[in-house]
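S.K.: Before anything else, here's the structure in question.
Laboratory data are not the source of any read-out in this text; all were calculated from the coordinates shown. What you see is a predicted model; the values in this text were computed from it and never measured. Here the Cβ is made from the backbone with ideal geometry for all residues, glycine too, and neighbour counts use every protein chain on show.
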Amino acid sequence: MMTPGYDALTDGAALLDLSARGRIRITGDDRARLLHALTTNHVQQMKPSDGLYAFFLNAQGRILADAVILCFEDHFLLDTEAATREFIFQHIDRYIIADDVTPEDVTAQTFCLGLEGPKAAEVAAHAGLAVPHHRYSHTRWGDFTAAACTATGPHGLRIYGPAVRKDEAILLLENAGAIAATPADAELVRLENYVPQYGCDITDSNIPQETQQIHALHFQKGCYLGQEIVERVRSRGHVNKMLMGFRLEAPAAPAPGTKLLVEGQPAGEVTSAAMVDGVVFGLAYVRVPGARSGAMAAIDGHAVELFAPAA
């Protein structure tokens with residue numbers, strides 16, 4: 001039986017408390033140049049109210065973390081997974097030599113709420129929020145900031161503000177029609193929509209093109225850490241495996257690491273999965289050329305249809 005939070009995520013507007021995610025504020029005159037050199041996307045062309053999604057790589061092109069980066073007049077705000085917050089802070093700090101750059105971990109001083117679902121924009125407008133219209137762009141709402149990004153599907157906003165005003169923001173959004181949802185609700189819906197998450201579907205064993213999150217990459221931006229591997233893959237034109245969504249009917253969701261077969265041969269493994277109304281949705285890395293939408297595979301003897309992941 002589905003919960004009110006799940007129903008709100010799929011048919012209405014749900015409120016998620018994402019405050020456990022990490023938030024790092026970057027100031028200083030050299031902030032854009034340094035972030036540009038450490039990430040896979042084009043930070044230097046960003047203007048205030050712009051946002052983007054990017055990976056942090058090591059020299060071997062492996063993905064060490066991901067982040068949403070928001071550009072303000074006098075700083076950048078990095079929003080990342082809780083597990084990579086400390087790493088990103090230390091990673092940036094390590095590369096500051098003579099640069100005018102100051103990273104500050106503001107996780108404890110701020111909040112982050114997700115307003116997600118097909119009616120998220122409608123509820124936000126009802127609350128008086130100026131809704132951003134371009135992906136990852138953001139608008140100011142008094143002391144609050146609303147960014148067009150989501151963790152569960154195609155519709156949603158992420159709202160930031162001072163921690164002392166978190167309860168006020170929650171009340172305002174709930175009064176406008178948002179329904180509280182749990183992390184378990186969000187996990188079901190993100191998998192139903194094939195939305196990958198760093199830490200399970202994307203890890204430091206992956207290179208960017210394997211994830212199919214090409215919007216995290218900018219191929220004309222110039223040099224950055226790990227670029228050589230990304231460019232080598234691009235010039236070669238393919239990778240050996242790609243992240244794919246899958247759907248199957250089975251009595252239980254397969255555990256991470258469960259093997260996926262194509263034509264009876266091992267061809268990949270599950271990264272995450274969950275059962276929704278008796279149907280299993282999940283993500284898995286699948287060897288090329290079997291990694292294509294509409295292709296059939298098998299997991300634990302059950303037929304599986306493959307889909308492109310959300311990007």
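S.K.: For SER19, SER235, what ranking results if the residue with the fewest other Cβ atoms within 10 Å of its Cβ goes first?
M.R.: SER235, SER19
S.K.: What lysines sit close enough to LYS166 to cross-link, taking a C-alpha to C-alpha distance under 23 Å and skipping anything fewer than 8 places away on the same chain?
M.R.: LYS119
S.K.: Put a dot 7 Å past each Cα toward the Cβ at VAL164 and GLU187; how far apart are the dots in nm?
M.R.: Here the answer is 3.6 nm between the modelled labels.
S.K.: In debye to the nearest 20, how big a dipole does the chain give about its Cα centre with +1 on each Lys and Arg Cβ and -1 on each Asp and Glu Cβ? Mind dumping the intermediate values first?
M.R.: Numbers: 25 positive and 37 negative charges, 174 e Å.
Value, rounded to 20: 840 debye.
S.K.: In deg cm²/dmol, rounded to 500, what helix-only [θ] at 222 nm does the chain give when every DSSP H run of at least 4 residues adds -39500 (n - 2.57) and the total is split over its residues?
M.R.: So the helix-based figure for the chain works out to -6000 deg cm²/dmol.
S.K.: Using only Cα atoms, figure out Rg for the range 130-173 and give it as a multiple of 2.2 N^0.38 Å.
M.R.: Numbers: Rg = 10.6 Å, N = 44, 2.2 N^0.38 = 9.3 Å.
Relative to the 2.2 N^0.38 Å estimate, the range 130-173 comes out at 1.15.
S.K.: For a quick check of your reading of the filter: which chymotrypsin sites (Phe, Trp or Tyr not before Pro) in the range 197-238 sit in a DSSP loop and have no more than 11 other Cβ atoms within 10 Å?
M.R.: Working: sites: TYR198, PHE219, TYR224; in loops: PHE219, TYR224.
Passing sites in the range 197-238 are PHE219.
S.K.: Ok, one more. Neighbour counts of other C-beta atoms within 10 Å: give me ARG236, ARG31 arranged from fewest to most.
M.R.: ARG236, ARG31
S.K.: Using a cut-off of 20 Å between alpha-carbon atoms, which lysines can reach LYS221, once sequence neighbours fewer than 8 places away in the same chain are excluded?
M.R.: LYS47
S.K.: May I have the pair-distance distribution P(r) for the range 164-206, computed from all Cα-Cα distances with 10 Å bins from 0 and rounded to whole percent?
M.R.: Per 10 Å bin, starting at 0, the Cα pair percentages come out as 22, 31, 31, 14, 2.
S.K.: So, one more: Taking the Cα centre of the range 178-306 as origin and charging only Cβ (+1 Lys, Arg; -1 Asp, Glu), how large is the dipole, in debye to the nearest 20?
M.R.: That gives the range 178-306 a dipole magnitude of about 560 debye.
S.K.: Return the lysines within reach of LYS259: Cα separation strictly under 28 angstrom, same-chain partners fewer than 8 residues apart disregarded; answer none if there are no such residues.
M.R.: LYS241
S.K.: Same structure, new question: Please name whichever of ALA98, GLY61, VAL123 sits farthest to the positive end of the charge dipole of the chain, dipole taken about the Cα centre and charges placed at Cβ: Lys and Arg +1, Asp and Glu -1.
M.R.: GLY61
S.K.: If you place +1 on the Cβ of every Lys and Arg, -1 on the Cβ of every Asp and Glu, and leave all else neutral, what size is the dipole of the range 240-311 about its Cα centre, to the nearest 20 Debye?
M.R.: Its charge dipole is roughly 260 debye.
S.K.: Moving on to the next point. GLN44 versus ALA180, label points 7 Å from Cα toward the beta carbon: distance in nm?
M.R.: Result for the modelled spin labels: 4.7 nm.
S.K.: Out of every Cα-Cα pair in the range 240-311, what percent are more than 15 Å apart?
M.R.: The answer is 42 percent, as a whole percent.
S.K.: Another question, if that's okay. Which ordering of MET275, MET2 is given by a fewest-first count of other beta-carbon atoms within 10 Å?
M.R.: The order, fewest Cβ neighbours first, is MET2, MET275.
S.K.: Ok, one more. Can you match Cα extents along the principal axes in Å to one of these, (1) 56, 48, 28; (2) 52, 49, 41; (3) 72, 40, 38, based on a calculation from the structure here?
M.R.: (1)
S.K.: So if I average 1/r over every pair of distinct C-alpha atoms in the range 72-143 and take the inverse, what Kirkwood radius in Å does that give?
M.R.: For the range 72-143, inverting the mean 1/r across all distinct Cα pairs yields 15.0 Å.
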